[in-house]
1. Can you name every residue in the range C:219-255 that is within 11 Å of chain D (Cβ to nearest Cβ) and part of a helix (DSSP H, G or I)?
2. Does at least one position in the range D:227-242 carry a residue that is over 13 Å from the mean Cα position of the chain (by Cα), within 20 Å of residue D:133 (Cβ to Cβ) and without any contact (Cβ under 8 Å) to a residue 40 or more places away in the chain?
3. So if I check each of B:91, B:96, B:111, which one is surrounded by 15 or more Cβ atoms within 10 Å (Cβ to Cβ) and over 19 Å from the mean Cα position of the chain (by Cα)?
4. Give the range C:50-67 a look and list any residue that's surrounded by fewer than 19 Cβ atoms within 10 Å (Cβ to Cβ), out of contact with any strand residue (DSSP E or B) (no Cβ under 6 Å at 6 or more places or on another chain) and either under 17 Å from residue A:60 (Cα atoms) or free of Cβ contacts under 8 Å to residues at least 12 places away in the same chain (or both), or say none.
5. Just the residues that are surrounded by fewer than 24 Cβ atoms within 10 Å (Cβ to Cβ) and under 16 Å from residue C:94 (Cα atoms), please, taken from the range C:233-258.
6. For the range D:36-46, how many residues are assigned to a loop (DSSP other than H, G, I, E, B) and closer than 30 Å to residue B:78 by Cα?
7. Residue D:106 passes all but one of (1) within 14 Å of chain C (Cβ to nearest Cβ); (2) out of contact with any helix residue (DSSP H, G or I) (no Cβ under 8 Å at 6 or more places or on another chain); (3) modelled with pLDDT under 85; which number fails?
8. Suppose we filter the range C:1-12 for residues that are in contact with a strand residue (DSSP E or B) (Cβ under 7 Å, 6 or more places away or on another chain) and at pLDDT 90 or above; how many remain?
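The values are calculated or read from the model by the stated rules, or taken from the named source; none is laboratory data. Note that this is a predicted model, so its numbers are computed, not measured. With ideal geometry, Cβ positions are generated from the backbone for all residues, glycine too; neighbour counts draw on all protein chains shown.
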C-alpha cells in the first residue's frame, strides 16, 4: 500500500497515519520529498485494505500495490487453469472451444434441431436459456424447469454438455440438477450472494462481464466464487456500455489480452450479445479469437424471424458452420510459439 | 412503432414486413420517400415489440413510439406518486425528505448514537446496511439478521422508519419482517427475480440506479416492481460510471429533471456513494436538491476513521446538521410557483 | 514518482531502473516487500516524467506523485485567481458572474435585442458566436468578421464585455481585435497549437472542457495557455459524453467541487450545451451554482423557433430573468462561512 | 424526417408543425395513433434538418431518416474508394496495407534506420511525427520543419510515401510541401477549420477517430473534408475513451465492420495508440485485421527505452516483422468469398 499526502499535510498528520499502520503490525517506510510525503507500507496488504486511510486528515490518495483478487490472479499462479465441462470437453486447454445454441430454449424440437447442427459443426457444448433476464417485464421470460429438462435430454442425446443461466438464488439447486455449466449473466455479475452460492455448487461457472464492470471488477467477482471454494471459472467478455450507439455494446476486445496477463482462468468471448445483429457477429468473433480468446459462445437459431428472444443476433446454422472453419484457422495462426 | 428501411430495400422486403404487421392485427401506414421507405405501425405497440422485425431483410432500424414502462410513465398518469413510509413519513409530497444513517450497522450503540443525532437534525428515516454488497469477498459483509434487529429496535425507540438493503432472493421475507423500506442496490438494479419478489413484498422500495443503467433501464426496472403489484417505488440517483476518475462516480444530476418529466415516482439522490469522499458530499447534495430532487439519502458516522465500510464518505453528525439547513433553504428556492 | 515492479521482476531489472533514475540525478528509495518491489523517486518529478520507464522490463506501473499542471494547480498557489474581463467585470471574485447571449450572432438587431435584455437582468458579459463549430458542413457556420463587428458595437453600446469563440489559428489576431474574452470550444480543448497562441494573445480565455476530457486533461490544457504566458483563464464545465442518451450531454456537476480543490482558476458552467433543450437548462444551472460554480454562461434567444443554431436550448429573456433571481439566491446560501 | 409528438400534444400544436413543414415545401404525412401523433416528412431532408423543430411546442422527438453524411455514405455509392498514396501504394484495394514508423521523427539516423527495416518487412508507407500533440506543454513537441525534411529525404531514399500529422492551420501548406499523406490526430478530429483546409490540400488524408467521437461524428468529420473537395480520405480507429482503465484506450474493434457497412472509404486501425504498451499491440492488430480492416498503422522504434515520445508502445523491428506475417495470414482467411 502506498499513501500519498497532500502538499499541505502536517507532520502530525503523517505521524497519525504512521501510528495507525504500526497498530496494524505493518511497517511504514516514510519518504519525504521536497513537496510531498509518501509512505510505503510493507507487509500483508490485506490487513490494511479495509482501514479507511483515505479518511485520515492530510491523505491525498491511497494506492494498492497488490492485486485484490489473489486466488484468480496470475501473481503466484503461473499455470493456466483448464476447466473440464461434462466428461469430454475442456476450456482453456490450448484449443479453441466453441459453445453454441439458441438464446432461449423455446421447445424440445427447436433445441434438438439446433443442437444437432452445431455439434456437427464442432461445438463442444450447447447453450440455451431457461430463465431469461429481460429488460422488460412484458417480454418472454423463459420456460423455466421445462426448459432445463429439455437441456438435460438434449445433453444425453448428443453426448455434449449444456450451459444455462441461473438468475435467482432460489433456483441454484434446481439448475445444478440439470445443467453441466452454470452461467452468470452480465446483469448479475455483482450479485454477490449468487456468486457465493455458485462457489459451492460443484459445477463450472461461466461469469459474464457486466456492462459497466472494469476488468478489475470482473476479477473480484470471480474471486467471490473462488473464495467460496470453486475454481472452475470461465470469464466471458460480451461488450461494455460506452457512448457509441451504432452497435448494441462495444465489444472490448482488449480485455482478452489484458485478462490473459492478469489471471490464470480461461477467457471466452460472446460476439452475439455485443453485436446485437447477426451481420456483425462474424467479424467480432474473428476479432476475439485473433486477440487470443480460449473460446467463443455464440447464438444460433434456425428461424430467427420467429425467435422468442434475441432473434436479430442469431446466426443460421450454415453461417455458424463457416464461422467455425475460419475461427479455427485464425486460432491456429495466433497460437503462440 | 416506426420501421425505417435501407435505401437498398426491395418492394418485396417492404411487403414482407407489411404482411407481418397485418398478421399481428395492426395497421401499417407506408410512406415512400425518394430514397427510403418508412412504415408507421398504428395500434397497440406492445403486440409488436417482441416481434424481431430488426431481423427482417431490408429493415434498417425499428423505433418505438411509446414508452416501454407504461405503469411508471407520466404518459397517462399526471399525478405524482407520494410514497408513505412507516406511519408518519412520506416521500414525494413536495417537502424535502432526508434519510440518513451509517453505511453499515456495526453495533447497537453505533446505530442508536447516529440515529438519535440525525433524527434530531430532521431526518425522516434512518438507513443502515445489514447485508452489504462489497466488491471484495474479503471485506466486512454486514451483521445480517442481528443488524436487522437493531434497526427495528432503533425504529421503535426513535419512532422513525428504517431503510435497509436486500441482496438475496432468500432474504426477502426476513428483511420484510424487520424493515420499513427495502432498498435495491445499484448492482442489483437489473436482478429481475429480486425485483419481481419486491413487487409482492408489501413494503415501499428504494430502487438505486445501476452504474451503467440508462434512465430508460431504471424505469424498466421500476416497471418490473410495478407490474408485480407494488407502486410504492422511490428512484435513487447515485452516480454513473464514466471515463472520469477524479471522483468515484459521476453524479448524473441531469437525471433528476429528466426523470421528473418521464415518471410520476419520487426521485431521491445519494450524494455519498457518488462522491466517495466526504468533502464532496455537500456540494453534490446541494446540486441534487437544486435540480429538484424530492429527497436525499446520506451516510453519517460518528467516527469515520473506525467505520467498517465506506468511512471516507461519511459525514460527521455536526456537518450533517448544517447540510440539512442549507438543503432545506435551497429546496425552498427551487420549489415551483 | 513511484515505480511498482511486477512480482516476477528480477533484481537486475530493479537495478536497471535504479541506474536510470540515478543517471537523471534523482534519488531512488527502494522498498522491497515480500512479493513486490517499489521505488520512490525523490527530486524534481518533471525530470523523470518524460523517461519511458513504463517500457523498462519488470516494471508494472509508474505513478506520478506531483500534479502535471504546476502553474494552474492549487499546490503552492493558495490564493484564488480573479479574472478581470473588460473594465468593470470580474470572474472568481466571490460573486456569481453570469454571461448570457445568443448561440450565434445572426444580425445586428438580433444581438442588440438580446443583449439589452440580459444586461438588464444582470448579466456581466454578453456571448455570441461569429465562427461556429458545427458537426455538419451543411449547417450555418456563422457570420465571421461581420459578427465580430456587431459584438464590438454591442459591447460599446451596453458597456459590457463580449465573449466569442475562436476556432482557427489564422483567426486569433482578428478575434483579439474585436472581442474582450476568447472562448475555446469543447472540440478544440486539446488543439494545442491554438492553446499556445492564446497564451500570448493578451486577453482572458474561457476554456471549455472537452466532451471526453478528464478533469486532469482540462487542467493540462489550461497549463498550455498558462505556460505560454497567460494566467487569465476561466474553466468551463459543459457536460461530458457518457452512455446516457436521454439528454445531450451528462452535466458533470462533480467537476465543480473537484476543480475547486485542484486549481486556483475560476470555474463556470454552461447548462445550455449540456441540456440541449431549454426545459432542462434551469435545473442544471441551479445544480451547478449550488455545487459552487463561480459563474454561468447561458444561451438566450427571443425567437428560438427561428434561431439559426441551437434554438431548442435557448431560454426566452423572461425565463432568463427569473433564472437570475433564483441562481443568485442559491449562490448566497452555499457561499462558505 | 420523423416527428413524434408528446401524448399531451394538442391538435393546434400538430397543425403548427404541419404548417412549418409545408412552408419548407415538404410533404407532411400525419399518422394519428390512439395515444400519439407522428409526422413523416417526405422530400429533401437537408432542407428541414436545420429547422429547430425540437423547440416547437408539443414535439417529443425528431428523428432523421437519411444519413447526415451523403458524400461519404454508402447510400448511393456502392463502390469502395481506393486511396492512392504516393506513386505505388494504395489503401482499400483489397490487400492489407501497413504503415509503420516511429512516433516522432527524432533524427535523420533514427528515421532512416527504422524506415529501412519496416519497408523490408512489407510496410507500404512510413509514418513519423514532426509536430506532436502532447497532453503536457512540457513534453517534447517535435522537430517541426526539420522533421518534415527528414521525412521527405527518407521517402526518396526508400521510394515509399510518408505520412505525418498536421495540427495547426498555419502549417498546412508547409506539411503539404513535404508529406505524401496528411494525418489528422484524434484530438483534432472536430477541428472543423482544419478539416476544411485539408479538403483543398490536394493530398490524401488519414482522419483518426476522436476519443469520444461516435462513428456518426467521424463520418460527419470526413464529410467536411469531402464537401471541401477531397475524397481521398482514410478513416482510422485508434481506441475510444471508456470507464476501463486497464488499457490506455478501449480499442473499438466493432467500428471496423460498422464503418464498412456505412461508408465507401477505407478503414485502418492504429493498435499502438489504443494499447499504450507494446505487449498488447499484436493482439489488437490481429483483432482489427480479423474484423476486416483495410490496413494498419503501427509504431516501431529501435530503442524504445530512449524514445522521446510513446516509447512504451513501440514495437522492435523484429517483432514488427513477425507481426506482418501473422496479419497477412489472418487477412487472407477473412477476405470475403
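1. C:219, C:220, C:221, C:222, C:223, C:224, C:225, C:226, C:227
2. For the range D:227-242, residues over 13 Å from the mean Cα position of the chain (by Cα), within 20 Å of residue D:133 (Cβ to Cβ) and without any contact (Cβ under 8 Å) to a residue 40 or more places away in the chain: present.
3. Values: B:91 fails: over 19 Å from the mean Cα position of the chain (by Cα); B:96 fails: over 19 Å from the mean Cα position of the chain (by Cα).
Result: B:111 is the single residue among B:91, B:96, B:111 that is surrounded by 15 or more Cβ atoms within 10 Å (Cβ to Cβ) and over 19 Å from the mean Cα position of the chain (by Cα).
4. C:50, C:64 - these are the residues of the range C:50-67 that are surrounded by fewer than 19 Cβ atoms within 10 Å (Cβ to Cβ), out of contact with any strand residue (DSSP E or B) (no Cβ under 6 Å at 6 or more places or on another chain) and either under 17 Å from residue A:60 (Cα atoms) or free of Cβ contacts under 8 Å to residues at least 12 places away in the same chain (or both).
5. The one that is surrounded by fewer than 24 Cβ atoms within 10 Å (Cβ to Cβ) and under 16 Å from residue C:94 (Cα atoms): C:257.
6. Let us first name the residues in the range D:36-46 that are assigned to a loop (DSSP other than H, G, I, E, B), namely D:36, D:43-44.
Keeping just the survivors that are closer than 30 Å to residue B:78 by Cα gives D:36.
Looking only at that region, the number is 1.
7. With (1) within 14 Å of chain C (Cβ to nearest Cβ); (2) out of contact with any helix residue (DSSP H, G or I) (no Cβ under 8 Å at 6 or more places or on another chain); (3) modelled with pLDDT under 85 applied to residue D:106, the lone miss is (3).
8. Result for the range C:1-12: 6.
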